[in-house]
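A quick write-up on the structure given underneath.
The values are calculated or read from the model by the stated rules, or taken from the named source; none is laboratory data. Note that the structure is a prediction, hence the values are computed from the model and not measured. Neighbour counts run over all protein chains shown; Cβ positions are idealised from the backbone, glycine included. Surface areas here come from the heavy atoms of the whole protein model, side chains and all, with no ligands, DNA or RNA. Shrake-Rupley method; radii C 1.70, N 1.55, O 1.52, S 1.80 Å.
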Amino acid sequence: MLWFSLGSSLLPRDATMQGVVSALSFVFGYGIGVLLWFLARWVGRLFGKNLSCDIAPGWLRLTFLGITGAVLAVTILRWPTWQSEQRLLVGLEEIGITDGLMAVVWTLVIVALLMFIGRSLMWLVWKLDVFNGRHTSVLVGRGITVVILVGIFGALYWFVASSGLTTFANERFGPGDETTLEGITQPTAPEYSGSPDSLVEWDDLGFQGRTFAGAGTTVEDIVAFYPNSRMRTKVPIRVYAGLKSAESSEARAQLVVDELVRTNARERAVIALVATTGTGWVDPIASAALEYMYAGDTAIAAMQYSFLPSWISFILDTATSTEAGIAINEAVIDWWETLPENNRPRLVAFGESLGTLGSEAAYAQDSLDASLAFIQSKIDGAFWVGPTDANEIRSQFLDERDPSPVWGPGYSDGAVVRMANGPGEIDPSDASWVEPRVLYYHHPSDPVGYWNWETLWTPQEWTDKPVGDDVPDSVRWIPFTTFTQVVVDLIN
């Protein structure tokens, strides 16, 4: 298991993260070995044999140990090379033998800690078993031991893994939402939420909301981008509702609509409905790109539903993301449909990473065809970047795809929905791609799109050959180890 853990996965790992993966894999393999030995001794007793650790000759055990040690030593020495090959695929610098040695150190430290915990639990079980056996029958005593252990682990999960993580996350990231990025100031233009004319208070926007509203593309930026152009330039509209702006997702979504009405967004060429990531972040490059394309004749609408990083939100509560995504999409669409059909802005949906989960949720139906038809009946296009494995429409896309790799799926000759993995793969002028269009953008090495519990026991399609262009050819699925690797990749 330790040997397997040193192999490649979706993303490169540094020495510390490799130590975590290797230690967990080692302890898991050690646990399997102990279990098999326990079963062997139990079966031996059934046949009157008392097996012991010296059942094999000493020379055989030493030979086996020597071969195992030699293989591991060579593998550990090769690990920096394997990681460097993977790092080059995603534009990172190579690592050296020092990193390999540090990975060994971290592995030993974490293994020692995990073994200590494991031995302590064994001692606890033994003590409980002995104590209960003195006062009851063996069967009842062991039943009581099991109940006590389940109670202890249940309490640990609730107070540490669940409630404890939530409390830690809120205490760790909550204060940051009260701050403002250096250089960001309250906007004065009425086109921005948080301005003096806005229905939303500047202090209620949250850290990411203030960054979004306070760092908008200016008319001067657009004019400089189009030198010698006589096109009419407008101040882009950016509306946003923070977590403190209203009590519920529905109320915040309605506040966003009120801001669109206040800023006269109905007169713009396009409105972009953005589902934010866990912290409330809106990608500044995506926002600026749209605003430059339309010379500021745009309105971007978004709202915050959390201040936690996406990976924590993904673990603790994805329901809030989908609830917020449904609320803002439905509220804006309901308002937009009241406008004259021949004189209203184009309406497009955008989400990135965890934001795609919320954005998709507003349009998901029972099948891919039904979902795509519903999207086309409601909006003028959707662009979803870095979708998660939990995305319902993306899952329909993968499940119902034509013969094609999971990282580059095709469906119905790309008539409505397509997926790109890198620059230059999409031709906007392709007449076979009917409007409204749905586009996914996904790096094959992105673990957000692949993490699921089934990785523990089920082979994953992203390891099938051919793999994506930023995934090593040597990657393969291994029970438990691949799951652990992808969890670490997700955190990275």
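The chymotrypsin sites (Phe, Trp or Tyr not before Pro) found in segment 12-117 that occupy coil by DSSP, while having at most 13 further C-beta atoms within 10 Å, are PHE47.
The candidates GLU191, GLU93, GLU291, arranged from most to least accessible area with a 1.4 Å probe in the full protein assembly, appear as GLU93, GLU191, GLU291. Computed from label points 7 Å out along Cα-Cβ, the spacing between THR320 and THR68 is 4.6 nm. Across segment 323-336, coupling constants 3J(HN,Hα) worked out from phi with the 6.51/-1.76/1.60 Karplus curve, θ = phi - 60°, read 4, 5, x, 5, 4, 6, 5, 5, 5, 5, 5, 4, 5, 4 Hz, and Gly and Pro carry x. Computed from backbone phi with θ = phi - 60° and the Karplus coefficients 6.51, -1.76 and 1.60, the 3J(HN,Hα) list for segment 230-244 is 9, 5, 7, 10, 10, 6, x, 8, 10, 10, 7, 10, x, 4, 8 Hz; x is used for glycine and proline.
Per-residue surface analysis assigns GLU201 an accessible area of about 120 Å², computed on protein heavy atoms at 1.4 Å probe radius. Across all directions, the average flat footprint of the convex hull enclosing the Cα atoms of segment 300-374 is 5.8 nm². Relative contact order of segment 265-358, taken over Cα pairs closer than 8 Å and 6 or more residues apart, is 47 percent. The percentage of C-alpha pairs in the chain whose separation is greater than 44 Å is 29%.
Taking 0.36 nm per residue of separation and subtracting the Cα-Cα distance, full extension of the segment from GLU220 to ILE426 would add 71.1 nm. Working from label points 7 Å from Cα in the Cα-to-Cβ sense, the VAL150 to TRP59 distance is 5.2 nm.
Protein-only accessible surface at a 1.4 angstrom probe places the residues ILE326, ILE379 in the order ILE326, ILE379, largest first.
Against the main long axis of the alpha-carbon atoms of the chain, helix 58-89 sits at an angle near 10°. Residues whose amide H lies under 5 Å from that of ALA241, counting only those 5 or more places away or on a different chain, are ALA302, MET303, GLN304; hydrogens are built 1.01 Å from N in the peptide plane.
Which whole-number percentage describes the relative contact order of the chain, with Cα contacts under 8 Å and a sequence gap of 6 or more? Taking the mean separation of contacting Cα pairs over the length of the chain, I get 14 percent.
Seen from ALA420, the other residues with C-beta closer than 15 Å to its C-beta sum to a net charge of -3, counting Lys and Arg as +1 and Asp and Glu as -1.
Applying 1/(1 + (r/R0)^6) with R0 = 41 Å to the Cβ-Cβ distance of GLU85 and SER137 gives a FRET efficiency near 0.10.
For ARG346, the residues whose amide H sits under 5 Å from its own are VAL270, ILE271, ignoring neighbours fewer than 5 places away on the same chain, with H placed 1.01 Å from N. Please state the shape class of segment 200-291: rounded when a/c is under 1.5, otherwise prolate if a/b exceeds b/c and oblate if not, all from the C-alpha gyration tensor. Prolate. Helix 15-46 axis versus longest C-alpha principal axis of the chain: approximately 40°, rounded to the nearest ten.
Among HIS135, HIS442, the order of accessible area from largest down is HIS135, HIS442, computed with a 1.4 Å probe on protein heavy atoms. Within the full protein context, the accessible area of MET303 is estimated at about 10 Å² for a probe radius of 1.4 Å.
Protection proxy ranking, highest mean first, for peptides 345-358, 407-420: 345-358, 407-420, where packing is the per-residue count of other beta-carbon atoms within 10 Å, averaged.
The angle between the Cα long axis of helix 481-491 and the longest principal axis of the Cα atoms of the chain comes to about 40 degrees, rounded to the nearest 10. Distant-in-sequence amide contacts of ALA420, defined by a placed amide H-H separation under 5 Å and a gap of 5 or more residues or a different chain, comprise TYR440, TYR441, HIS442. Local charge for ARG238 was computed over the other residues whose Cβ lies under 14 Å away, with Lys and Arg +1 and Asp and Glu -1, and equals -3. Couplings for segment 178-194, taken from phi via the Karplus curve 6.51 cos²θ - 1.76 cosθ + 1.60 with θ = phi - 60°, read 7, 8, 10, 4, 4, x, 8, 10, 4, x, 9, 5, x, 6, 10, 5, x Hz in order; Gly and Pro are left as x.
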